[in-house]
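Data first, discussion second: the structure below is written as structure tokens.
The values are calculated or read from the model by the stated rules, or taken from the named source; none is laboratory data. Predicted model only: the values in this text are computed from it and were never measured. As a convention, Cβ positions derive from the backbone with ideal geometry for all residues, glycine included, and neighbour counts pool all protein chains shown. The protein model used for the area step is the full one, side chains on, heavy atoms only, and it has no ligands, DNA or RNA in it. Shrake-Rupley method; radii C 1.70, N 1.55, O 1.52, S 1.80 Å.
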Amino acid sequence: MKRPRVSQGVSVAKAAQSLPPKLSEDLLPLFEFSNVVNAAHDLKFILGTVLLTVMGKMLVARGAVLLKRERDTFEVVAARGLGSGIEGSSVTLQTLPKIIRDPAKETKGRSRNKWFLSHDIRLLVPILSNSSVVGYLALGGRVGRKPFSAPDRKLITSLVNLSAAAVEKAVMVERLKEAHRSLDRKLQELKTLFELSKEFNLVLNADKVIRLLTFSLLGQIGVNRYAVCLVDGGTIKIVASRLSDDPALLRALQDFCDLKNPMLIREIDKKLARSAAPLKEAGVQLMIPMHVQNRTKGVILLGEKLGGSEYSKEDLEFLYSLANLAIISIENARLFQETLEKQRLEDELKIAREIQQGLLPQTLPAIGGYDLAAANVSSKQVGGDYYDVIRRSDTEYVIAIGDVSGKGTPAALLMASIQAALRALVPLLHDLPEATGRMNDLACENTGGDTFITFFWGIIDTARHQLRYVNAGHNPPFLIRKDGSVIRLQKGGLILGMMKTKRPYEEGEVELKAGDLLFLFTDGVSEAMNARGEDFTEERLESILKSVGGSPAREILQHVRMHVQEFSKGTQQSDDITMLVVNVG
Amino acid sequence: MSDFKVNHRDGEGFSVLELKGYLDAHTAPDLETTFQKLLTDKKYNIIVNCKDLTYISSAGLGVFMAYIEDVRKNRGDIKLTNMSPKVYNVFDLLGFPVLYEIYRDEHEAANKFRQQSKKG
């Protein structure tokens, strides 16, 4: 509204008519004043105009306008001659009579006000709207100490009354502006939440979610001291921080692992005050829990707000929403990474299994008069088990079994190199201990001394009916005679891969007789565990082998396997199970 | 996807970042990268020209907050210019004008940097 409405003009004219004739000279300026004041929406401008007009007319050098803000709190919205910095300050006033002369002296008791005294206020005129006080015009003494006469006071009252409607309108505009701004802010908060929920869904990386979360905290609240902490397995760790890296802070946080609600440090209860002391010291003012299905998965620590204002209830609500939104994405990202990792491990194991299966002989060569069978059952983890039977000549066959420490692809690859060495050595083989020494040196070079291979190999000579062998730290194979006597094939030396060969390996030699059972195995058999955590044991294996003597090799194999399975029922196979059975014909 | 671009050019004694498009949670990392580079290159007098910035969200403001301290610690500043009323409104709502100097145009901001360097 740029121009005053006609009706207001009329009301001004009416007001003028009601004035005593003595004041008629003031009518024109009054009309002008009313026009100016009513056309404006700016409270400060209106009140400033009222104040200056009155001060000019009455020759007063000091004056102020107080506007009611709360019950008895008034704000100094305009002031002249009272020193700088007074505008915007607040004054507490009890409701005062309609017009007060010399309020510093006249008002008694509780109404006696220091503010009036200190500013030497001589006249106080209420600003009325719908007959309730919305503010006061406060004036100091007149130049020349002239008192305010009755007509003077009447004129001042008229001027003030003329502006009351405008003041009220301006106050309304001010409130509307405030409401509008608060709505704007709310809208901004909602926009932030909406935007982040969209963005968080796109991001499957916890670090990036946390980064975006901190940007939004910085931007929306304007804090520059903060930390984001995640709770994992009952302990809390700081994942992003702009607080001091004092370890006391982290220790203090442990007490807030299951924070249920946003908590202002200044309102913390006594029980937790001790725990919170290092937080307070670090400048933390607010803690916001991050919840997933009612479980605290994280905590956000926040320092002072931009401009130093206190956190409002709305701030807490917004931050709590933001925190919960973020933690869901952080959790999702974590689960996604876990799944990826699991998938990667599984892929790796699949490769390891393929390598291992590729190393094992597809078919065993037939050894004249002998009956052979072998099996490898790889565990989920894939150990590094290996066995082999290689024909050297019509009467000579190399049998071998090995187990690499460690699991997965590295174990499988090491076994592959051992197999390659073995296959290369077999045609040239004449000295088994010397060849074992060379394999050991090769293994040492390949592993750097942190991976070992237990290894047993031997040459079956069908013409001489004998087995020559070297056992490099492997579970000693069983040789079970027809009469039930048992020989363990132990001779040899150190595990392969531990240290370079210094002492030559020893060679063992046994006679092979028709009806003998030769049983090679890995510790996956003897150390198979039952649900109570007990080992299968070599003793148990021995007694089983004794009981099945004379059966075909395949049956013996199946029999042992069945027993192991029965024994370890209800548990997960933790190591590869490898067996090689030779029935001497 | 929202569109956002940062153009970086150097003036005499200051660097200018021209922002274009939507600065929100999605594009905030782009601005962050630019700030990181400026700090690595020890360019601490930064004018951010918002002439073509159509939208800024709190995540975008967060980037300014994240770097202002480092910049000022090195006796530099981030000064903002040519803000549209819409963008200014967001700044104002969140109380940022107390923290940042905002100028009508690059020229004013550049003058301010020059005065400060004379004093400093």
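Remarks
- Debye log10 I(q)/I(0) for the stretch A:394-496, one point scatterer per Cα, at q = 0.10, 0.12, 0.21, 0.23 Å⁻¹: -0.29, -0.42, -1.11, -1.27
- Solvent-accessible area lost on pairing B with A (1.4 Å probe, both sides summed) amounts to about 2200 Å².
- Shielding value for B:93-104 is 3, the average number of Cβ atoms from other chains within 10 Å of each residue's Cβ.
- Cα principal axis extents for the stretch A:203-335, largest first, Å: 38, 33, 27
- Here the alpha carbons of chain B define both size measures, Rg and Dmax, at 13.3, 45 Å.
- Distance from the stretch A:48-98 to the stretch A:156-177 (C-alpha centre basis), Å: 14
- Cα lying deepest toward the dipole's positive end in the protein assembly as shown, options A:MET499, A:GLY303, B:PRO29, charges on Cβ: A:GLY303
- Only Cα pairs under 8 Å and 6+ residues apart enter the sum, and on that basis the relative contact order of chain A stands at 9 percent.
- Percent RCO, i.e. relative contact order, over the stretch A:449-541, from Cα pairs under 8 Å lying at least 6 residues apart: 28
- Part-to-part distance (alpha-carbon centres) for the stretch A:323-357 and the stretch A:505-572, which is given in Å: 37
- Put simply, the amide H of A:ALA240, placed in the peptide plane, has neighbours under 5 Å in A:VAL228, leaving out anything fewer than 5 places away on its chain.
- Surface accessible to a 1.4 Å probe, per residue, for the residues of the protein assembly as shown, Å²: 50
- Dipole of the protein assembly as shown, positive direction: furthest Cα of A:SER574, A:GLY85, A:ALA553, with charges on the beta-carbon: A:GLY85
- Summing charges over neighbours of A:ASP403, with a neighbour being any other residue whose Cβ is under 9 Å away from its Cβ, gives -4 when K and R count +1 and D and E count -1.
- The residues neighbouring B:ASN82, those whose beta-carbon lies less than 15 Å from its own, together hold a net charge of +1 under the Lys/Arg +1, Asp/Glu -1 convention.
- Contact residues in the stretch A:164-191 (at least 10 Å² less accessible area with all protein chains than alone, 1.4 Å probe): A:ARG181, A:ASP184, A:ARG185, A:GLN188, A:LYS191.
- Once the partner protein chains are put back, the stretch B:1-45 shows a loss of at least 50 square angstrom of accessible area, versus the chain by itself, at B:ALA25, B:GLU32 (probe 1.4 Å, ligands and nucleic acids excluded).
- Over the protein assembly as shown: helical MRE at 222 nm, DSSP H runs n ≥ 4 each giving -39500 (n - 2.57), nearest 500: -14000 deg cm²/dmol
- Ordering A:PHE194, A:PHE116, A:MET287 by the projection of their Cα atoms onto the charge dipole of chain A, which places +1 on the Cβ of Lys and Arg and -1 on the Cβ of Asp and Glu, puts A:PHE116 at the extreme positive end.
- Accessible area of the stretch A:360-583 belonging to carbon and sulfur atoms, whole % at 1.4 Å probe: 49
- Of interest is the spacing of the C-alpha centroids, which for the stretch B:48-88 and the stretch A:452-468 amounts to 79 Å.
- Highest mean packing comes first when the peptides A:426-433, B:23-30, A:76-83, A:175-182 are listed by Cβ atoms within 10 Å, giving B:23-30, A:76-83, A:426-433, A:175-182.
- Rounded to the nearest 10 Å², the accessible area of B:TYR44 at probe 1.4 Å: 40
- What the phi angles of the stretch B:72-84 give under the Karplus curve with 6.51, -1.76 and 1.60, with θ = phi - 60°, is a coupling list of 6, 4, 9, 6, x, 7, 10, 10, 10, 9, 6, 7, 6 Hz, glycine and proline written as x.
- Taking only protein heavy atoms and a 1.4 Å probe, the accessible area of the stretch A:145-278 is 56% carbon and sulfur.
- Normalised by residue number, the volume inside the convex hull of the Cα atoms of the protein assembly as shown is 258 Å³ per residue.
- Tensor-based shape of the stretch A:360-583 (alpha-carbon gyration tensor, a/c under 1.5 rounded, otherwise prolate or oblate): oblate
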